[in-house]
Ligand SMILES: Cc1cc2nc3c(=O)[nH]c(=O)nc-3n(C[C@H](O)[C@H](O)[C@H](O)COP(=O)(O)OP(=O)(O)OC[C@H]3O[C@@H](n4cnc5c(N)ncnc54)[C@H](O)[C@@H]3O)c2cc1C
């Protein structure tokens, strides 16, 4: 079988472009010239990068570090080339090392000037942005520069940590002690008891024992402290399509935006195996690819991301100037002038005994390449009759030997788009089981071994199934608002006239606090609708902030 070509083979010229002397001249106003002696480090793995370096003279060796063994070369940059990948956009930790091969002069553009450059120099900016994204894709392919997870592939905590990094687009390497001699060497070197696995080795060399997502995010520099003195124009709760759209439009129109998400960017849309109804993508796009573009775009315009950290409440500070404080799960807080609630919805769980026992490793609410790899060649059960279930069934059928699609209704057409119904009909390894419900789960040590469903006739059917996928709808993520805003009977946030007198269409019962996307009562539960509301709300933020400024100015005059 022909092996898949790496991105370095297929897109090399776009990954490593060279800038013309005239283009470099135009970039000079955004940076400052720095000199390095031969052998000096321009960048070290695990250290916060200073920005984008454009090589003016000399040569720079980029190398990838390994936990055991010597570093390997990635590329050597000469005059006209530029160093960096996506980490440079947000001033995050470097993932690879850079050393001057000979005396080097660079033009250093710091992260805040980089954003100004993208706006002012659109053509060069586009080439640089594309290269930064492709270089990250290259690192994701090889796992280079990311943390190393050592543990059994099917261990629930390995899946949890791997899933967290995958959903946040962060490179990582997994070493299974049962198959990888390198894993064994690391376990010996760090004197780790096998019962303490998984361990994680961060790029900077720190060792974590079965860390939480927050500990891991801190270790790899994804999550830093929020500036307690800074007041952001807008605090956006949720980095799904609605929140990311708000971030892109707000930041590109000059508002300072802080985006919080308790899990990962992308929200439910990030879980979609293929979105086929989003405008402009006639061949469809994976939810993760669409959301990663939006996430990078928001950072390009300067939106600050705080992931993973959840909002746990909102307070009004000094009603007179209308400032809000968002309380965070990390015990920190963020000061903001307006709030956009884009906390979306979460997957509904199935009411069947022992579900919890298997949730860590065998029950999935998501069908990404990670899950597809897990189920290769096996039988899986998938519950749900909506479009998300249909997409997941079609996707998993490319890897699984058989997909049992369990639905409560008589036929798929009752709740699924016709194009998906047709596609499923054409797949020999997807079998629709109608008018059925999951009745029993069995397995050992958290691993599912058997799934049973009961048919309308009362007959129970059991199959050797190790992975169960649930796509049975969603409930609003509004618990954290506990009594601060008006909600409807089901917990969705009320906006506009339903929320109070003279409220803007997307404004909640509290002036200056807006709600958009799936969490909003009456919204259309679609990616395009969430994105549209994200764009629309920014106009309301401008109007609200301008009105408040006028009030402030006249109060000062009076
Ligand atoms: C599997 C699947 C497939 C789908 N396929 C399609 C499709 O093909 N086409 C289509 O149009 N729609 C599709 N949808 C629906 C679409 O994804 C949603 O309508 C859309 O994602 C809603 O966007 P949102 O930003 O409002 O909320 P969400 O996508 O739910 O995002 C909300 C975000 O807020 C975060 N959050 C929640 N609470 C907090 C808190 N307290 N603090 C911080 N962060 C918080 C969550 O972690 C999440 O990331 C699909 C949904 C699923 C589940």
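The values are calculated or read from the model by the stated rules, or taken from the named source; none is laboratory data. Just so it is clear, the model here is predicted, and its values are computed rather than measured. Note that we place each Cβ from the backbone using ideal geometry, even for glycine, and neighbour counts take in every protein chain shown.
What pairs can you find where one residue is in region 337-349 and at positive phi, the other is assigned to a loop (DSSP other than H, G, I, E, B) and near the ligand (Cβ under 10 Å from one of its atoms), and their Cβ atoms are less than 7 Å apart, with a gap of 6+ or different chains?
As it stands, the answer is 344/238; 344/240; 344/267; 344/268; 344/477, since those pairs meet every condition given.
Residues of region 456-472 being exposed (fewer than 15 other Cβ atoms within 10 Å of the Cβ) and either within 23 Å of residue 359 (Cβ to Cβ) or touching a strand residue (DSSP E or B) at 6+ places or on another chain (Cβ under 7 Å) (or both), which ones?
460, 461, 462, 463, 464
Based on what the data block shows, is residue 151 over 30 Å from residue 19 (Cβ atoms) and modelled with pLDDT of 90 or more?
yes
Which one of these is away from the ligand (no atom under 13 Å from the Cβ) and farther than 30 Å from residue 399 by Cα: 454, 444, 548?
Exactly one residue qualifies, and that residue is 548.
Let me confirm something: among 135, 65, which residue is touching a helix residue (DSSP H, G or I) at 6+ places or on another chain (Cβ under 8 Å) and farther than 14 Å from residue 19 by Cβ?
Exactly one residue qualifies, and that residue is 135.
May I ask you to list the residues in region 233-264 that are assigned to a strand (DSSP E or B) and either within 20 Å of the chain's Cα centre (by Cα) or within 15 Å of the ligand (Cβ to nearest atom) (or both)?
234, 235, 236, 237, 257, 258, 259, 260 - these are the residues of region 233-264 that are assigned to a strand (DSSP E or B) and either within 20 Å of the chain's Cα centre (by Cα) or within 15 Å of the ligand (Cβ to nearest atom) (or both).
Condition first: in a loop (DSSP other than H, G, I, E, B) and surrounded by 13 or more Cβ atoms within 10 Å (Cβ to Cβ). Now tell me which residues in region 1-39 satisfy that.
6, 11, 16, 17, 18, 19, 31, listed by residue number.
For the structure I just gave you, tell me whether residue 371 is part of a helix (DSSP H, G or I) and more than 21 Å from the chain's Cα centre (by Cα).
No, not satisfied.
Being within 9 Å of the ligand (Cβ to nearest atom), assigned to a loop (DSSP other than H, G, I, E, B) and under 19 Å from residue 165 (Cβ atoms) is the filter here; which residues of region 274-310 pass it?
If the condition is that a residue be within 9 Å of the ligand (Cβ to nearest atom), assigned to a loop (DSSP other than H, G, I, E, B) and under 19 Å from residue 165 (Cβ atoms), then 307, 308, 309, 310 are the ones that fit.
Test residue 84 against the stated conditions and say whether it is at pLDDT below 95, farther than 26 Å from residue 182 by Cα, surrounded by 13 or more Cβ atoms within 10 Å (Cβ to Cβ) and touching a strand residue (DSSP E or B) at 6+ places or on another chain (Cβ under 6 Å).
So residue 84 fits the description; yes.
What number of residues in region 340-362 are outside any strand (DSSP E or B) and near the ligand (Cβ under 10 Å from one of its atoms)?
3
Looking only at residues in region 193-206 that are touching a strand residue (DSSP E or B) at 6+ places or on another chain (Cβ under 6 Å) and at pLDDT 90 or above, which one is nearest to residue 165 (Cα to Cα)?
By that ranking, first place goes to 200.
Only residues that are surrounded by fewer than 24 Cβ atoms within 10 Å (Cβ to Cβ) and either within 26 Å of residue 335 (Cβ to Cβ) or more than 16 Å from the ligand (Cβ to nearest atom) (or both): list them for region 507-537, please.
Across region 507-537, the qualifying residues are 507, 509, 510, 511, 512, 535, 536.
Residue-wise test of (1) exposed (fewer than 13 other Cβ atoms within 10 Å of the Cβ); (2) touching a residue at least 12 places away in the same chain (Cβ under 8 Å); (3) in contact with a helix residue (DSSP H, G or I) (Cβ under 7 Å, 6 or more places away or on another chain).
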{"residue": "389", "(1), (2), (3)": "no, yes, no"}
{"residue": "418", "(1), (2), (3)": "yes, no, no"}
{"residue": "439", "(1), (2), (3)": "no, yes, no"}
{"residue": "493", "(1), (2), (3)": "no, yes, yes"}
{"residue": "503", "(1), (2), (3)": "no, no, yes"}
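Could you say whether any residue in region 547-555 is on the phi > 0 side of the Ramachandran plot and either surrounded by fewer than 17 Cβ atoms within 10 Å (Cβ to Cβ) or more than 24 Å from the chain's Cα centre (by Cα) (or both)?
no
Name every residue in region 149-158 that is surrounded by 21 or more Cβ atoms within 10 Å (Cβ to Cβ) and within 26 Å of residue 5 (Cα to Cα), in order of residue number.
149
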